[in-house]
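First comes the structure, then the notes that go with it.
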Ligand SMILES: CC(C)(COP(=O)(O)OP(=O)(O)OC[C@H]1O[C@@H](n2cnc3c(N)ncnc32)[C@H](O)[C@@H]1OP(=O)(O)O)[C@@H](O)C(=O)NCCC(=O)NCCS
């Protein structure tokens, strides 16, 4: 398996993989929604506000994660939202997700990111350094189905 930060030539494959992974786990409606979200993010977000990391099994895309910049009023730190996160269904359960998250976070650290936030299983994200945060610390636009977690560049 190989990790990469060069996503532009692979934008279509990345969006398709998100759609497939979320269709398999959450159903086709959610899959289509997340596929469109990824497609829109990859095409519309300015370069300085977007970091995308992927894992490859030869020429096959095994996983992808997207960090996009969060603008926090009165806070000059470099803050990113980690979402969406997915591993191709036939590659899950083999450590691809954890390895890709470790790679992505170390690249974000190198790029000077101060904070990353996401939402999901605190146990899963805790293994790569995330800690639970409250909605008072990181407000949400709407109700979150999953707990929120945050990562700080040490
Ligand atoms: C969640 C996901 C990214 C995990 O990737 P993965 O490569 O299968 O995970 P890894 O092999 O690195 O890690 C496996 C561990 O994660 C756990 N795990 C797998 N999916 C999980 C999930 N959805 N929630 C919590 N834990 C999960 C496994 O039980 C396993 O635990 P163990 O190491 O204690 O045995 C992948 O299952 C996926 O793409 N799911 C569909 C999309 C999704 O749910 N994305 C995340 C939204 S927050």
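Quick notes on this one:
- Scanning the stretch 78-96 for residues that are within 28 Å of residue 23 (Cβ to Cβ) and not in a strand (DSSP E or B) gives 88, 89, 90, 91, 92, 93, 94, 95, 96.
- Residue under evaluation residue 9, criteria (1) more than 15 Å from residue 87 (Cβ to Cβ); (2) touching a residue at least 12 places away in the same chain (Cβ under 8 Å), criterion not met: (2)
- The C-beta contact set for the stretch 87-100 (first residue touching a residue at least 60 places away in the same chain (Cβ under 8 Å) and closer than 14 Å to residue 65 by Cβ, second residue more than 6 Å from the ligand (Cβ to nearest atom) and part of a helix (DSSP H, G or I), distance under 7 angstrom, 6+ apart or interchain) comprises 88/17; 88/20.
- Of all residues in the stretch 20-53 being within 13 Å of the ligand (Cβ to nearest atom) and under 14 Å from the mean Cα position of the chain (by Cα), the one that is nearest to residue 87 (Cα to Cα): 21
A quick yes/no check of all residues on (1) in contact (Cβ under 8 Å) with a residue 60 or more places away in the chain; (2) in contact with a helix residue (DSSP H, G or I) (Cβ under 8 Å, 6 or more places away or on another chain); (3) closer than 29 Å to residue 23 by Cβ:
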site	(1), (2), (3)
51	yes, yes, yes
66	no, yes, yes
106	no, no, no
129	no, yes, no
148	no, no, yes
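- Flag for residue 99 being surrounded by fewer than 20 Cβ atoms within 10 Å (Cβ to Cβ), within 23 Å of residue 18 (Cβ to Cβ) and within 7 Å of the ligand (Cβ to nearest atom): yes
- When residues in the stretch 102-123 are screened for being over 22 Å from residue 4 (Cβ atoms), within 8 Å of the ligand (Cβ to nearest atom) and surrounded by 15 or more Cβ atoms within 10 Å (Cβ to Cβ), 2 of them pass.
Read-outs throughout are calculated quantities, based only on the coordinates presented, and are distinct from any laboratory measurement. The model shown is predicted, which means the values in this text are computed figures rather than measured ones. Cβ coordinates were reconstructed from backbone atoms using ideal geometry, including for glycine residues, and neighbour counts include every protein chain displayed.
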